[in-house]
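Here the structure is laid out as structure tokens; the discussion comes afterwards.
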Ligand SMILES: Cc1ncc(COP(=O)(O)O)c(C=O)c1O
């Protein structure tokens with residue numbers, strides 16, 4: 001069967017191979033004293049809080065399960081707008097908010113609406129792998145720009161300016177980022193957006209971890225930029241992370257007013273609407289009781305970060321820049337890998353952190369994610385830990401790391 005070029009361009013999600021191996025080993029070691037600990041999973045270990053669960057059950061009981069408008073329920077768009085006002089002190093009109101099936105659908109809509117075949121989108125390396133595939137599904141080309149720890153693994157205006165070319169259409173950033181948990185400084189983001197906007201380009205910012213910030217300087221939305229800048233940025237968001245609703249498949253997109261009818265038309269055709277039950281449930285995310293619970297959980301994520309990252313550093317799995325948000329640590333495992341006699345990276349992507357992840361799985365029953373999926377700039381040096389796991393698991397993980405690393 002002839003497969004479309006578009007599909008051929010989408011690389012495999014290698015992480016899944018590691019996850020499969022981890023699941024298979026987990027079965028074998030489940031009844032030993034060291035069952036598998038999964039620190040490879042990029043989703044909160046919490047579930048939706050009680051009011052949200054009840055709202056979903058009520059919607060089903062009441063038969064509130066028909067399609068909604070493609071833009072999503074008006075009440076939900078108003079609630080999100082209210083959250084931006086109360087939590088981030090920014091005025092985002094509900095008319096600019098489009099409810100989607102997760103950030104994934106929001107990214108697809110934005111890419112399909114704005115990217116022509118051959119357009120180039122600049123993004124940091126490392127970054128969330130699917131982001132570059134949304135661009136290629138829209139027949140654009142992602143241009144990965146290597147970043148450094150000093151840059152918090154984020155783009156700078158200087159790098160964007162240097163990389164901007166004839167075919168560049170815009171930038172796609174994520175803050176806080178997956179896999180590093182680091183954010184772009186608000187001043188630098190504004191400088192990038194000013195440049196991009198000045199060139200008639202687009203700034204897409206994936207703010208899926210908004211709300212999960214642990215330092216005041218970084219915990220802001222790009223939508224708070226002054227005047228036209230804030231009105232023109234495209235922000236992608238989701239109920240998956242801060243609101244702990246990964247499998248409910250619900251997110252949103254904030255777009256400039258002029259883009260609303262375009263996105264609505266595409267959403268009507270491609271998706272009809274996001275899950276109605278999930279939308280009804282999400283209304284309860286903004287009740288005081290739920291918000292208090294989310295903040296309590298944010299405190300827990302922070303405590304885990306504060307415990308786990310210094311421990312990784314102590315063990316020689318160096319995290320070059322302290323994550324300020326999300327629940328990840330991107331740790332340099334190259335010294336330990338060398339000490340374990342692991343071969344350097346091979347052209348087929350094995351060796352280095354790829355082999356290290358499998359070795360760690362075998363030696364310590366710890367599942368982590370190797371850097372391979374996240375880009376091309378030295379992924380063989382890094383593994384990603386997710387701290388979206390209980391403190392008990394994290395303490396046990398440190399004990400096991402200590403035993404195998406020494
Ligand atoms: C940076 C980033 N963007 C988008 C997504 C997709 O999330 P969603 O569940 O909202 O589709 C993820 C999921 O891990 C992510 O880390």
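Of the listed requirements (1) more than 16 Å from the ligand (Cβ to nearest atom); (2) part of a loop (DSSP other than H, G, I, E, B), residue 197 misses just one: (2).
Being under 16 Å from the mean Cα position of the chain (by Cα) and within 22 Å of residue 72 (Cα to Cα) is a property that residue 208 has.
Is one or more of the residues making up the stretch 58-66 more than 16 Å from the ligand (Cβ to nearest atom), over 19 Å from residue 244 (Cα atoms) and in contact with a strand residue (DSSP E or B) (Cβ under 8 Å, 6 or more places away or on another chain)? No, the stretch 58-66 contains no residue that is more than 16 Å from the ligand (Cβ to nearest atom), over 19 Å from residue 244 (Cα atoms) and in contact with a strand residue (DSSP E or B) (Cβ under 8 Å, 6 or more places away or on another chain).
The residues listed here are 106, 101; of these, the one that is within 30 Å of residue 277 (Cα to Cα) and in contact with a strand residue (DSSP E or B) (Cβ under 6 Å, 6 or more places away or on another chain) is 106. Restrict the check to the stretch 326-333 and report whether at least one residue is part of a strand (DSSP E or B), away from the ligand (no atom under 16 Å from the Cβ) and without any contact (Cβ under 8 Å) to a residue 60 or more places away in the chain. Yes, because at least one residue in the stretch 326-333 is part of a strand (DSSP E or B), away from the ligand (no atom under 16 Å from the Cβ) and without any contact (Cβ under 8 Å) to a residue 60 or more places away in the chain. Just one of 51, 76, 114, 25 is over 24 Å from residue 257 (Cβ atoms) and modelled with pLDDT of 95 or more; which is it? Testing whether each residue is over 24 Å from residue 257 (Cβ atoms) and modelled with pLDDT of 95 or more leaves just 51. Looking only at residues of the stretch 200-230 that are outside any loop (DSSP other than H, G, I, E, B) and touching a residue at least 40 places away in the same chain (Cβ under 8 Å), we find that the one that is surrounded by the fewest Cβ atoms within 10 Å (Cβ to Cβ) is 224.
The numbered conditions (1) assigned by TED's automatic domain parsing to the domain that holds residue 238; (2) more than 16 Å from the ligand (Cβ to nearest atom); (3) out of contact with any strand residue (DSSP E or B) (no Cβ under 8 Å at 6 or more places or on another chain) are all true for residue 31 except (1).
Exactly one residue out of 89, 40 is in contact (Cβ under 8 Å) with a residue 12 or more places away in the chain and closer than 30 Å to residue 359 by Cβ, and it is 40. Quick check on the stretch 234-264: of everything there that is part of a loop (DSSP other than H, G, I, E, B) and away from the ligand (no atom under 16 Å from the Cβ), which residue is surrounded by the most Cβ atoms within 10 Å (Cβ to Cβ)? It comes out as 255. Looking across 242, 294, one residue alone is modelled with pLDDT of 95 or more and in the same structural domain as residue 394 (by TED's automatic domain parsing). It is 294.
Taking the conditions exactly as written (buried (at least 16 other Cβ atoms within 10 Å of the Cβ), outside the structural domain of residue 18 (by TED's automatic domain parsing), at negative phi and part of a loop (DSSP other than H, G, I, E, B)), does residue 345 satisfy them or not? Spelling it out, it is not the case that residue 345 is buried (at least 16 other Cβ atoms within 10 Å of the Cβ), outside the structural domain of residue 18 (by TED's automatic domain parsing), at negative phi and part of a loop (DSSP other than H, G, I, E, B). Restricting attention to the stretch 276-299, the residues that are in a helix (DSSP H, G or I), touching a helix residue (DSSP H, G or I) at 6+ places or on another chain (Cβ under 8 Å) and touching a residue at least 40 places away in the same chain (Cβ under 8 Å) add up to 14. The strands (runs of 3 or more DSSP E) found wholly in the stretch 106-193 and carrying at least 2 residues that are without any contact (Cβ under 8 Å) to a residue 60 or more places away in the chain and within 20 Å of residue 215 (Cα to Cα) occupy 168-174.
Selection of the stretch 88-105 for residues being away from the ligand (no atom under 16 Å from the Cβ) and part of a helix (DSSP H, G or I) yields 88, 94, 95, 96. Residue 17 satisfies every condition listed in (1) within 15 Å of the ligand (Cβ to nearest atom); (2) modelled with pLDDT under 95 except (1).
The values are calculated or read from the model by the stated rules, or taken from the named source; none is laboratory data. All values reported here derive from a predicted model rather than from experimental measurement. Using ideal geometry, Cβ is built from the backbone for each residue, glycine included, and neighbour counts are taken over all protein chains shown.
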